[in-house]
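Remarks on the structure that follows.
The values are calculated or read from the model by the stated rules, or taken from the named source; none is laboratory data. These figures come from a predicted structure and were not determined experimentally. Heads up, the Cβs are rebuilt from the backbone with ideal geometry, glycines too, and the neighbour counts pull from every protein chain shown.
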């Protein structure tokens, strides 16, 4: 069933998967993304630039830095492009010949062009520009500084930079060259430029080699998952952004085109995938948040180039973090590749984080914690928060159980036996409290509560204590019966984030109905821990089939059709990471 020698090459397997519309051409560590509109290309930046706009998501609507980038004939007429993409390369066939585009490094693109007389033109919004004998430089100054330089080793017949509409500058180049000439485009915040043009053939070979080495390091999986599996690994490499300012480690952005930065919850799932290929990269997805741990032990919600997110005034004014799963992730990394030194490094910061949760978020003193900001749950606009905050939610206390259980394992591994016993006891006490205070035997659910009153919304998070694997058998059976009920959670593409028959169910609205694969991942683990391996495998296969049924990998899915809801992000990190981990789980179940 498992074919360890993947057919042809990885690059051929992923031919034309990068469609340059929803899926941009990018490279590990790069902030550059190449898109296509009609017969022109554009280059967008995966950067927030909050200082230029106080709106957090303004970068999604920002115009391309390089736009209307076209190849032309000798008379300046745009050439029609027949595009072929690979992970390492864009090929554009025209009536004049073949143009190729490849990354030299994370800030530099190289275009090789055919012999003869050809032109290039593009437009950009800058405030300083000048040409020179090898190309030209363009600078954006002010609050945001970006520098662009274009350089060619061909013969320049025409080279102008002229004002265009709405403060744009338009570059026009006419070149005459023997075979083998190139133009290099360097886009950087730095003052120094890259103007040394390497041999295009060598650059293409190097790029192919980097990608092939990445894919070759991935564990083999079943044939039926391979195409999407290696595409997921493409997402997990192309989505990495290099260290810059507050981003202290190389880290995975959830989606370069939609979520620029590093988010705590996402980082844990990203680490689960990286542990199968590059353990240091996996560990760094955790370290970046502990680099910014607050004095009181709280971890930031997110880390961006310009700072960290630890407090937001909307929709309520409160500190904001993300669900606690750092110790759970740490232990999974250790199980994959034991490293006692990493456990010693991270143990104390982990304990400070859990103490912050338990000492600052049990507002009514009943031993169960509350979310004080909806974004801290990761379920930003779930109907669970419609009545306001704080909310005592079963998912949060399940996470805290898992964290304390993992801390017990970590403490034992680094020979802190008294700590290990204490953490185990704390975890069991918490599980007991959930049963005593949140379990409703009549409904067969754990309820979220506000001000001591239950919130009458049915979500998979009402089932999350199942993940502990240590509930009484009768409670476990009731939860599983809800989970597998086709009228509630066992949809065609399970598991909806609100029960299908709940009045608040909305299948396309974020966290109010769509299927999220990280929720599935947690419940698959819960089923395994609770003694339902066949059902866990069934949910795993349903989840893999859903992700593999589309050309892209999405943030969330329609639970009845498997389609992409309009607002769901493309090339999404944790969905890719979970596909990878589940496919590897499946391969280990069927080693032959």
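Annotations
- Test: residue in segment 462-475 that is assigned to a helix (DSSP H, G or I) and out of contact with any helix residue (DSSP H, G or I) (no Cβ under 8 Å at 6 or more places or on another chain): yes
- Residues being farther than 18 Å from residue 546 by Cα and buried (at least 22 other Cβ atoms within 10 Å of the Cβ) - total across segment 513-529: 2
- Residue 429 vs. criteria more than 21 Å from residue 376 (Cα to Cα), under 24 Å from the mean Cα position of the chain (by Cα) and touching a residue at least 40 places away in the same chain (Cβ under 8 Å): no
- Selection within segment 448-460 - surrounded by 20 or more Cβ atoms within 10 Å (Cβ to Cβ) and without any contact (Cβ under 8 Å) to a residue 60 or more places away in the chain: 449, 458
- In summary, strands (runs of 3 or more DSSP E) completely within segment 84-189 and bearing 1 or more residues that are closer than 30 Å to residue 228 by Cα occur at 89-94, 97-105, 108-112.
- Residue within segment 487-497 that is farther than 19 Å from residue 228 by Cβ, at pLDDT 95 or above and surrounded by fewer than 17 Cβ atoms within 10 Å (Cβ to Cβ) present: yes
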